[in-house]
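Chemist: Sending over a structure as structure tokens; questions will come in a sec.
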Amino acid sequence: MRRLSKLVTARPRRPGRSDVIRGRLHPLRLCPLRIRVRVVGLVMAMREGSRPRLCVMCAADLDGGPAYLVTGGLRLGRRWFPRQLLVCTSCYASGAPDPVTGLSRPLAARQTSRAWWAELAGRGELLPPTPCIACGLVVVRRAESLLRGVTCSRACRTSLTRIRNGGQGSGRPCGGCGQPVTSGRADSAYCGGACRQRAYRRRVADRAADRVPDPVEELLGAATPFVDGHASGISQALYRALYRLKVARLRGHDQAALLARLAAMDPGRVKVPDTPAGRRLRVALRGIRPA
Ligand SMILES: [Zn+2]
Ligand SMILES: [Zn+2]
Ligand SMILES: [Zn+2]
């Protein structure tokens, strides 16, 4: 008997991180989803401008020398996503069209397993090396008709829209406390997280107060365990009336006679079990009686 229970409870052990450390398992045999999350997190961290900033092709440190902003793509998991990327001087020189003949280089010179690039960002003339407005990294790119300032990345562009008005807020009254908003973005509606949460709670409460409870709706809801479910113990007459009311409502038939019959039943004396569902049904029956 004991041996049998051992057989039932013994399960094959799943490979884990300790097997990788001891060299029993190749790292890629681990859960692919977990690895993918880690890779995506690494790519995001690199893209969001955490130091040091690296060339997307050769992983050289970009601080110091000029970085070339190019259009291209990043592979996240199995899919490629269009992105603007930063490459170092030597990677740009080996992938850009030949300066003497003007001939383009093969794609292999501009591609790795997780990134590729096509050309300098922008469609206008070549701009002189310009420091990124937000972080100061010197960037080489082409002009663009609507370009308002040279930034090196999406993260720097976002931080720029936040600091452009000096973090002075919108000056409009806060949706939570009513005081003028004097900090944050130029379109900020609240002075802080506490006021945003307070306004949200108020909206939810207002919505709940606007809903007028329908006594017939409540009666059908209370009758559901008895009509559709397995609850029992109500009188045959009450069951029949509730069932017919439900069907009439579903089909859009006239419900006045059925409601009058239910309202005529005495909620204090009708046979209903003494359970939470039964008590709710009794209260709902009281609710449809004319005052
Ligand atoms: Zn490089
Ligand atoms: Zn920047
Ligand atoms: Zn406020």
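Chemist: What tally of residues in region 216-245 results from selecting those that are farther than 20 Å from residue 279 by Cβ and within 47 Å of the chain's Cα centre (by Cα)?
Modeler: 2
Chemist: Just to be sure before I move on: is residue 186 of a type in the set (A, V, I, L, M, F, W, C) and in a loop (DSSP other than H, G, I, E, B) in the structure I sent?
Modeler: For residue 186, the condition - of a type in the set (A, V, I, L, M, F, W, C) and in a loop (DSSP other than H, G, I, E, B) - is met.
Chemist: Determine which single condition residue 106 fails, assuming it passes every other condition in (1) within 16 Å of ligand 1 (Cβ to nearest atom); (2) over 21 Å from residue 158 (Cβ atoms).
Modeler: Exception for residue 106: condition (1).
Listed here are the residues, each with its yes/no results for (1) assigned by TED's automatic domain parsing to the domain that holds residue 84; (2) small (Gly, Ala, Ser); (3) at pLDDT 90 or above.
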site: 123; (1), (2), (3): yes, no, yes
site: 130; (1), (2), (3): yes, no, yes
site: 134; (1), (2), (3): yes, yes, no
site: 147; (1), (2), (3): yes, no, no
site: 157; (1), (2), (3): yes, no, no
site: 196; (1), (2), (3): no, no, yes
site: 199; (1), (2), (3): no, yes, yes
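Chemist: Pairs needed: first member in region 127-155, acidic (Asp, Glu); second member anywhere, away from ligand 1 (no atom under 16 Å from the Cβ); C-beta distance under 8 Å; at least 6 residues apart or different chains.
Modeler: 144/121; 144/122; 144/123; 144/124
Chemist: Sticking with this one: Here are 76, 103, 69: which of them is surrounded by 15 or more Cβ atoms within 10 Å (Cβ to Cβ) and farther than 19 Å from residue 127 by Cβ?
Modeler: Sole residue among the options that is surrounded by 15 or more Cβ atoms within 10 Å (Cβ to Cβ) and farther than 19 Å from residue 127 by Cβ: 76.
Chemist: Let me ask you something else. Quick one: would you say residue 130 is in contact with a strand residue (DSSP E or B) (Cβ under 7 Å, 6 or more places away or on another chain), hydroxyl-bearing (Ser, Thr, Tyr) and within 16 Å of ligand 3 (Cβ to nearest atom)?
Modeler: Here the answer is no, as residue 130 does not meet what is asked.
Chemist: Next up: What's the total number of residues in region 88-116 that are more than 16 Å from ligand 2 (Cβ to nearest atom) and either under 15 Å from residue 57 (Cβ atoms) or in contact (Cβ under 8 Å) with a residue 60 or more places away in the chain (or both)?
Modeler: 20
Chemist: Further question on the same structure: Got a sec? Which of 175, 171 is in a loop (DSSP other than H, G, I, E, B), under 26 Å from residue 158 (Cβ atoms), out of contact with any Gly (no Cβ under 9 Å at 6 or more places or on another chain) and free of Cβ contacts under 8 Å to residues at least 12 places away in the same chain?
Modeler: Answer to the selection: 171.
Chemist: Quick check: is even one residue across region 179-195 away from ligand 3 (no atom under 16 Å from the Cβ) and touching a Gly at 6+ places or on another chain (Cβ under 6 Å)?
Modeler: no
Chemist: Right, something else. Would you be able to tell me the number of residues in region 117-150 that are outside any loop (DSSP other than H, G, I, E, B) and within 16 Å of ligand 2 (Cβ to nearest atom)?
Modeler: Summing the residues that are outside any loop (DSSP other than H, G, I, E, B) and within 16 Å of ligand 2 (Cβ to nearest atom) in region 117-150 gives 5.
The values are calculated or read from the model by the stated rules, or taken from the named source; none is laboratory data. Nothing here was measured: the structure is a model prediction, and the numbers come from that model. Cβ: placed from backbone, ideal geometry, glycine included. Neighbour counts: every protein chain shown.
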